1. Just wondering, is there one or more residues in segment 164-173 that are under 30 Å from residue 399 (Cα atoms) and in contact with a helix residue (DSSP H, G or I) (Cβ under 7 Å, 6 or more places away or on another chain)?
2. Consider residue 278 carefully, then state whether it is at pLDDT 90 or above and part of a helix (DSSP H, G or I).
3. What is the residue count in segment 22-39 for residues that are closer than 19 Å to residue 152 by Cβ and more than 42 Å from the chain's Cα centre (by Cα)?
4. Could we say that residue 349 is under 23 Å from residue 400 (Cβ atoms) and touching a strand residue (DSSP E or B) at 6+ places or on another chain (Cβ under 9 Å) here?
5. Going through 231, 203 one at a time, which residue ends up being at pLDDT 75 or above, surrounded by 12 or more Cβ atoms within 10 Å (Cβ to Cβ) and either part of a helix (DSSP H, G or I) or on the phi > 0 side of the Ramachandran plot (or both)?
6. Can you name every residue in segment 77-99 that is assigned to a helix (DSSP H, G or I) and at pLDDT 85 or above?
7. So, in segment 110-128, how many residues would count as being at pLDDT below 85 and assigned to a loop (DSSP other than H, G, I, E, B)?
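The values are calculated or read from the model by the stated rules, or taken from the named source; none is laboratory data. Not measured: the values here are computed from a predicted model. Glycine gets a Cβ as well: all are built from the backbone with ideal geometry, and neighbour counts include every protein chain shown.
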């Protein structure tokens, strides 16, 4: 299971969020150490001084009651036995160990601190001077620390910071997304308009290099197409003259005439394959169409009178099809099956969540599994079991057409014998 994002966009946003989290934690700790802690220490020192004032005349019996009454009237500080303190609010007060330790250090003996919050914020302190008594000290303007607003504002700052980082990184990566889409198009044989050079200097340099590369590849393909068109044109002219010459041969040379005409037909087929490989339907515009109807049209044309092709048409939604190119790919698969096998041929259509597909299967001897991937390379032929005719461009042409369409083609040997070709075409463009 992948936990961390793999894209540069996700990793950058994650890094910003992590650094922001560390910053928030450090800020919170700094605030606690340099603001909250000193404030608590000052309050504890003030409370300790008031405790000392309360018990300064504890041993003077004639003075202490009057002083205690006057002191309580002026300050609100009272001294109570434990049973009276429990009745007046000590029972609901919470025990604070850390404050108790600090108070013990300030008063020079074991002390206990409890705090209750109601109409008043009351400190209940059991001093070491009188362990059987509780001193109640009210403090105005002090309430239980509520960190909810602090956490809320820190959260808001974090969300806004991450959102800002997300927008910044998205803008930074937008040229890379355009570059990715353009690279995919070039890989399919399409050449988009030169990309606009914007973004950081590094991205602009990469975009500029990509534009130069795309322009060079396009020029190279144009030169190759022109070269092959010229060669095919120059070859067809002497082939035509040779065919005309054979028509003038005597009947005694019919066996030689037939062989020459077959060779001429083979050469013309090879030239047509070269042209198909170069063209591969990249200029054909994709339009919504019925795959079952397209397959039926191809089979109607390609099925010989002495052969039988079983067509099973399952439900398929309309998909974007480059009709001419897909017809050529299907026709090549059917022709291969007819050429290399003598048994029945089956064609099946269907679809799954993302792709529509058609399957062409035969009952021949199949091919070695180790040769399947190699057969998609140009000028590569299968073993002798599948024949050695042609230029070895048939499957290469099919793969280029399907790749241009955004799909994929798979070859596999059937368990019952024979070869199966399955072509996946995307449901959406």
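1. No, because not a single residue in segment 164-173 is under 30 Å from residue 399 (Cα atoms) and in contact with a helix residue (DSSP H, G or I) (Cβ under 7 Å, 6 or more places away or on another chain).
2. no
3. So the answer is 2.
4. yes
5. Answer to the selection: 203.
6. Matches in segment 77-99: 97 only.
7. Going through segment 110-128 one residue at a time, the tally reaches 3.
Residues are listed down the side, and each one gets a yes or a no for (1) in the same structural domain as residue 93 (by TED's automatic domain parsing); (2) at pLDDT 75 or above; (3) closer than 30 Å to residue 47 by Cβ; (4) not in a helix (DSSP H, G or I):
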| site | (1), (2), (3), (4) |
| --- | --- |
| 130 | yes, yes, yes, yes |
| 158 | no, no, no, no |
| 163 | no, yes, no, no |
| 167 | no, yes, no, no |
| 180 | no, yes, no, no |
| 189 | no, no, no, yes |
